[in-house]
Amino acid sequence: QVHLVESGGGLVQPGGSLGLSCVASGSIFRINDMAWYRQAPGKERDLVASITWAGSTDYADSVKGRFTIFRDNANNTVYLQMDSLKPEDTAVFYCKADVRPTPRPGLFRYWGQGTQVTVSS
């Protein structure tokens with residue numbers, strides 16, 4: 001079993017910055033892709049940013065140039081630095097990890113519990 005624990009959410013004014021982190025623990029040989037998703041009230045959960053083991057990144061168009069995803073493989077941690085935040089960024093942010101629990105092939109997907117980000121004056 002693997003647990004993902006997110007932290008860093010909160011209330012921030014428009015134009016401000018906030019950093020999120022997500023630590024994975026448990027039966028982990030290697031974590032392939034890690035990502036951040038978000039879900040606003042009444043909307044579907046959407047991809048915000050993703051990063052591979054090697055560090056290749058991908059971003060939703062709405063956050064390009066404002067958000068940065070990075071990871072620390074040694075500590076099974078992924079981060080999301082959010083700058084120039086807008087009210088429309090308000091959502092619950094979820095961390096996702098695709099985990100290989102052993103050296104054998106096979107991936108299992110895990111989600112964090114979510115952390116609230118509110119952008120408001």
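Key figures
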{"quantity": "Selection count where residues are open to solvent by 60 Å² or more (accessible area, probe 1.4 Å), without any contact (Cβ under 8 Å) to a residue 12 or more places away in the chain and under 14 Å from the mean Cα position of the chain (by Cα), scope region 36-72", "calculated": "1"}
{"quantity": "Subset tally (residues that are among the polar types (S, T, N, Q) and on the phi > 0 side of the Ramachandran plot) for region 2-56", "calculated": "0"}
{"quantity": "Subset tally (residues that are in contact (Cβ under 8 Å) with a residue 40 or more places away in the chain and over 10 Å from the mean Cα position of the chain (by Cα)) for region 90-112", "calculated": "12"}
{"quantity": "Residue ranges of strands (runs of 3 or more DSSP E) in region 61-120 with at least 1 members among the basic types (K, R)", "calculated": "67-72, 91-100, 108-111"}
{"quantity": "Any hit, region 10-29, residues being assigned to a strand (DSSP E or B), out of contact with any strand residue (DSSP E or B) (no Cβ under 6 Å at 6 or more places or on another chain) and of a type in the set (G, A, S)", "calculated": "yes"}
{"quantity": "Within region 30-57, tally of residues that are among the basic types (K, R), in a strand (DSSP E or B) and farther than 15 Å from L80 by Cα", "calculated": "1"}
{"quantity": "Top-ranked residue in region 73-96 [being hydroxyl-bearing (S, T, Y) and under 13 Å from Q13 (Cβ atoms); ranked as surrounded by the fewest Cβ atoms within 10 Å (Cβ to Cβ)]", "calculated": "S84"}
{"quantity": "Test: residue in region 11-25 that is within 23 Å of D98 (Cβ to Cβ) and open to solvent by 50 Å² or more (accessible area, probe 1.4 Å)", "calculated": "yes"}
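The values are calculated or read from the model by the stated rules, or taken from the named source; none is laboratory data. As the structure is a prediction and not an experimental result, all values here were calculated from the model. Quick reminder, even Gly has a Cβ in these numbers, built from the backbone with ideal geometry, and neighbours come from all protein chains shown. Note: areas computed on protein heavy atoms with side chains; ligands, DNA, RNA excluded. Shrake-Rupley method; radii C 1.70, N 1.55, O 1.52, S 1.80 Å.
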